[in-house]
Amino acid sequence: MSEANTERERERGQAAVEFALALPLAVMMLLAMVQVAVVTRDRMAVELAAREGARAAAVSADPSSAAHRAVDEVTSLSPLDVSVDTGADTVTVTVRYVSDTDVALIGAVVPSIAMSASVTMALEPPNEAG
């Protein structure tokens, strides 16, 4: 064998070893980014649910049931813990959710993430027109 062929084979072998060492790290980083995206999506859904629940409760004669209905309609996350606190002239809706970190490999390393959002709005007279 010539020296040039031997050198090319060594370089090819070195590239394969480098690839084998770098691939697991690259896959883990990609899966971590997917997990961050999933948690961010869940966080945004919880905030939207709290906002919509507070808006529905603020204009309803029955704030609690209106908030629960609005939260159920706006997101498919389950189970959500929805609490409604009605004051003299405000209503506060708090939505809590635990986002399971279940992306492959990453879920075993990162614990589930508890999140909550709370929105307060002024009570408005309920719309009596049906």
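The values are calculated or read from the model by the stated rules, or taken from the named source; none is laboratory data. A quick note: this is a predicted structure, and the numbers were derived from the prediction, not measured. So basically every Cβ, Gly included, is an ideal-geometry build from the backbone, and we count neighbours across all protein chains shown.
Going through region 116-130 one residue at a time, which ones are part of a strand (DSSP E or B) and surrounded by fewer than 17 Cβ atoms within 10 Å (Cβ to Cβ)?
Ser116, Ser118, Thr120, Ala122
For Thr40, work out the one condition from (1) among the hydroxyl-bearing types (Ser, Thr, Tyr); (2) over 18 Å from Val110 (Cβ atoms); (3) within 31 Å of the chain's Cα centre (by Cα) it doesn't fulfil.
Condition not satisfied by Thr40: (2).
Quick check on this structure: which one of Ser83, Ser76 is at pLDDT below 95 and either in contact with a strand residue (DSSP E or B) (Cβ under 8 Å, 6 or more places away or on another chain) or not in a helix (DSSP H, G or I) (or both)? Spell out the reasoning first.
On the way: Ser83 fails: at pLDDT below 95.
Within the list Ser83, Ser76, the selection yields Ser76.
Starting from region 49-72, take each residue that is under 10 Å from Pro126 (Cβ atoms) and list its partners that are in a helix (DSSP H, G or I), counting only C-beta distances under 7 angstrom and pairs at least six apart or across chains.
Going by the 7 Å Cβ cut-off, the qualifying pairs are Ser60/Ala66; Pro63/Ala57; Ala66/Ala56; Ala66/Ala57.
Which condition breaks for Arg96 when tested against (1) part of a helix (DSSP H, G or I); (2) in contact with a strand residue (DSSP E or B) (Cβ under 8 Å, 6 or more places away or on another chain); (3) charged (D, E, K, R)?
Failed condition: (1).
Here's the yes/no breakdown for (1) in a helix (DSSP H, G or I); (2) closer than 16 Å to Thr101 by Cα; (3) of a type outside the set (A, V, I, L, M, F, W, C):
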{"position": "Gln14", "(1), (2), (3)": "yes, no, yes"}
{"position": "Leu21", "(1), (2), (3)": "yes, no, no"}
{"position": "Met33", "(1), (2), (3)": "yes, yes, no"}
{"position": "Glu52", "(1), (2), (3)": "yes, no, yes"}
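For region 73-100: of the residues being closer than 16 Å to Glu124 by Cα and not hydrophobic (A, V, I, L, M, F, W, C), which is surrounded by the most Cβ atoms within 10 Å (Cβ to Cβ)? Working first, answer last.
Step one: of region 73-100, the residues closer than 16 Å to Glu124 by Cα are 84-93.
Among the residues that remain, those that are also not hydrophobic (A, V, I, L, M, F, W, C) are: 85-87, 89-90, 92.
Numbers: Asp85: 14, Thr86: 15, Gly87: 10, Asp89: 8, Thr90: 14, Thr92: 19.
That would be Thr92.
Please give the number of the condition Glu128 fails out of (1) more than 30 Å from Met29 (Cβ to Cβ); (2) at pLDDT 95 or above; (3) charged (D, E, K, R).
(2)
Taking region 60-95 on its own, how many of its residues are closer than 13 Å to Ala45 by Cα and touching a Leu at 6+ places or on another chain (Cβ under 7 Å)?
The total comes to 4.
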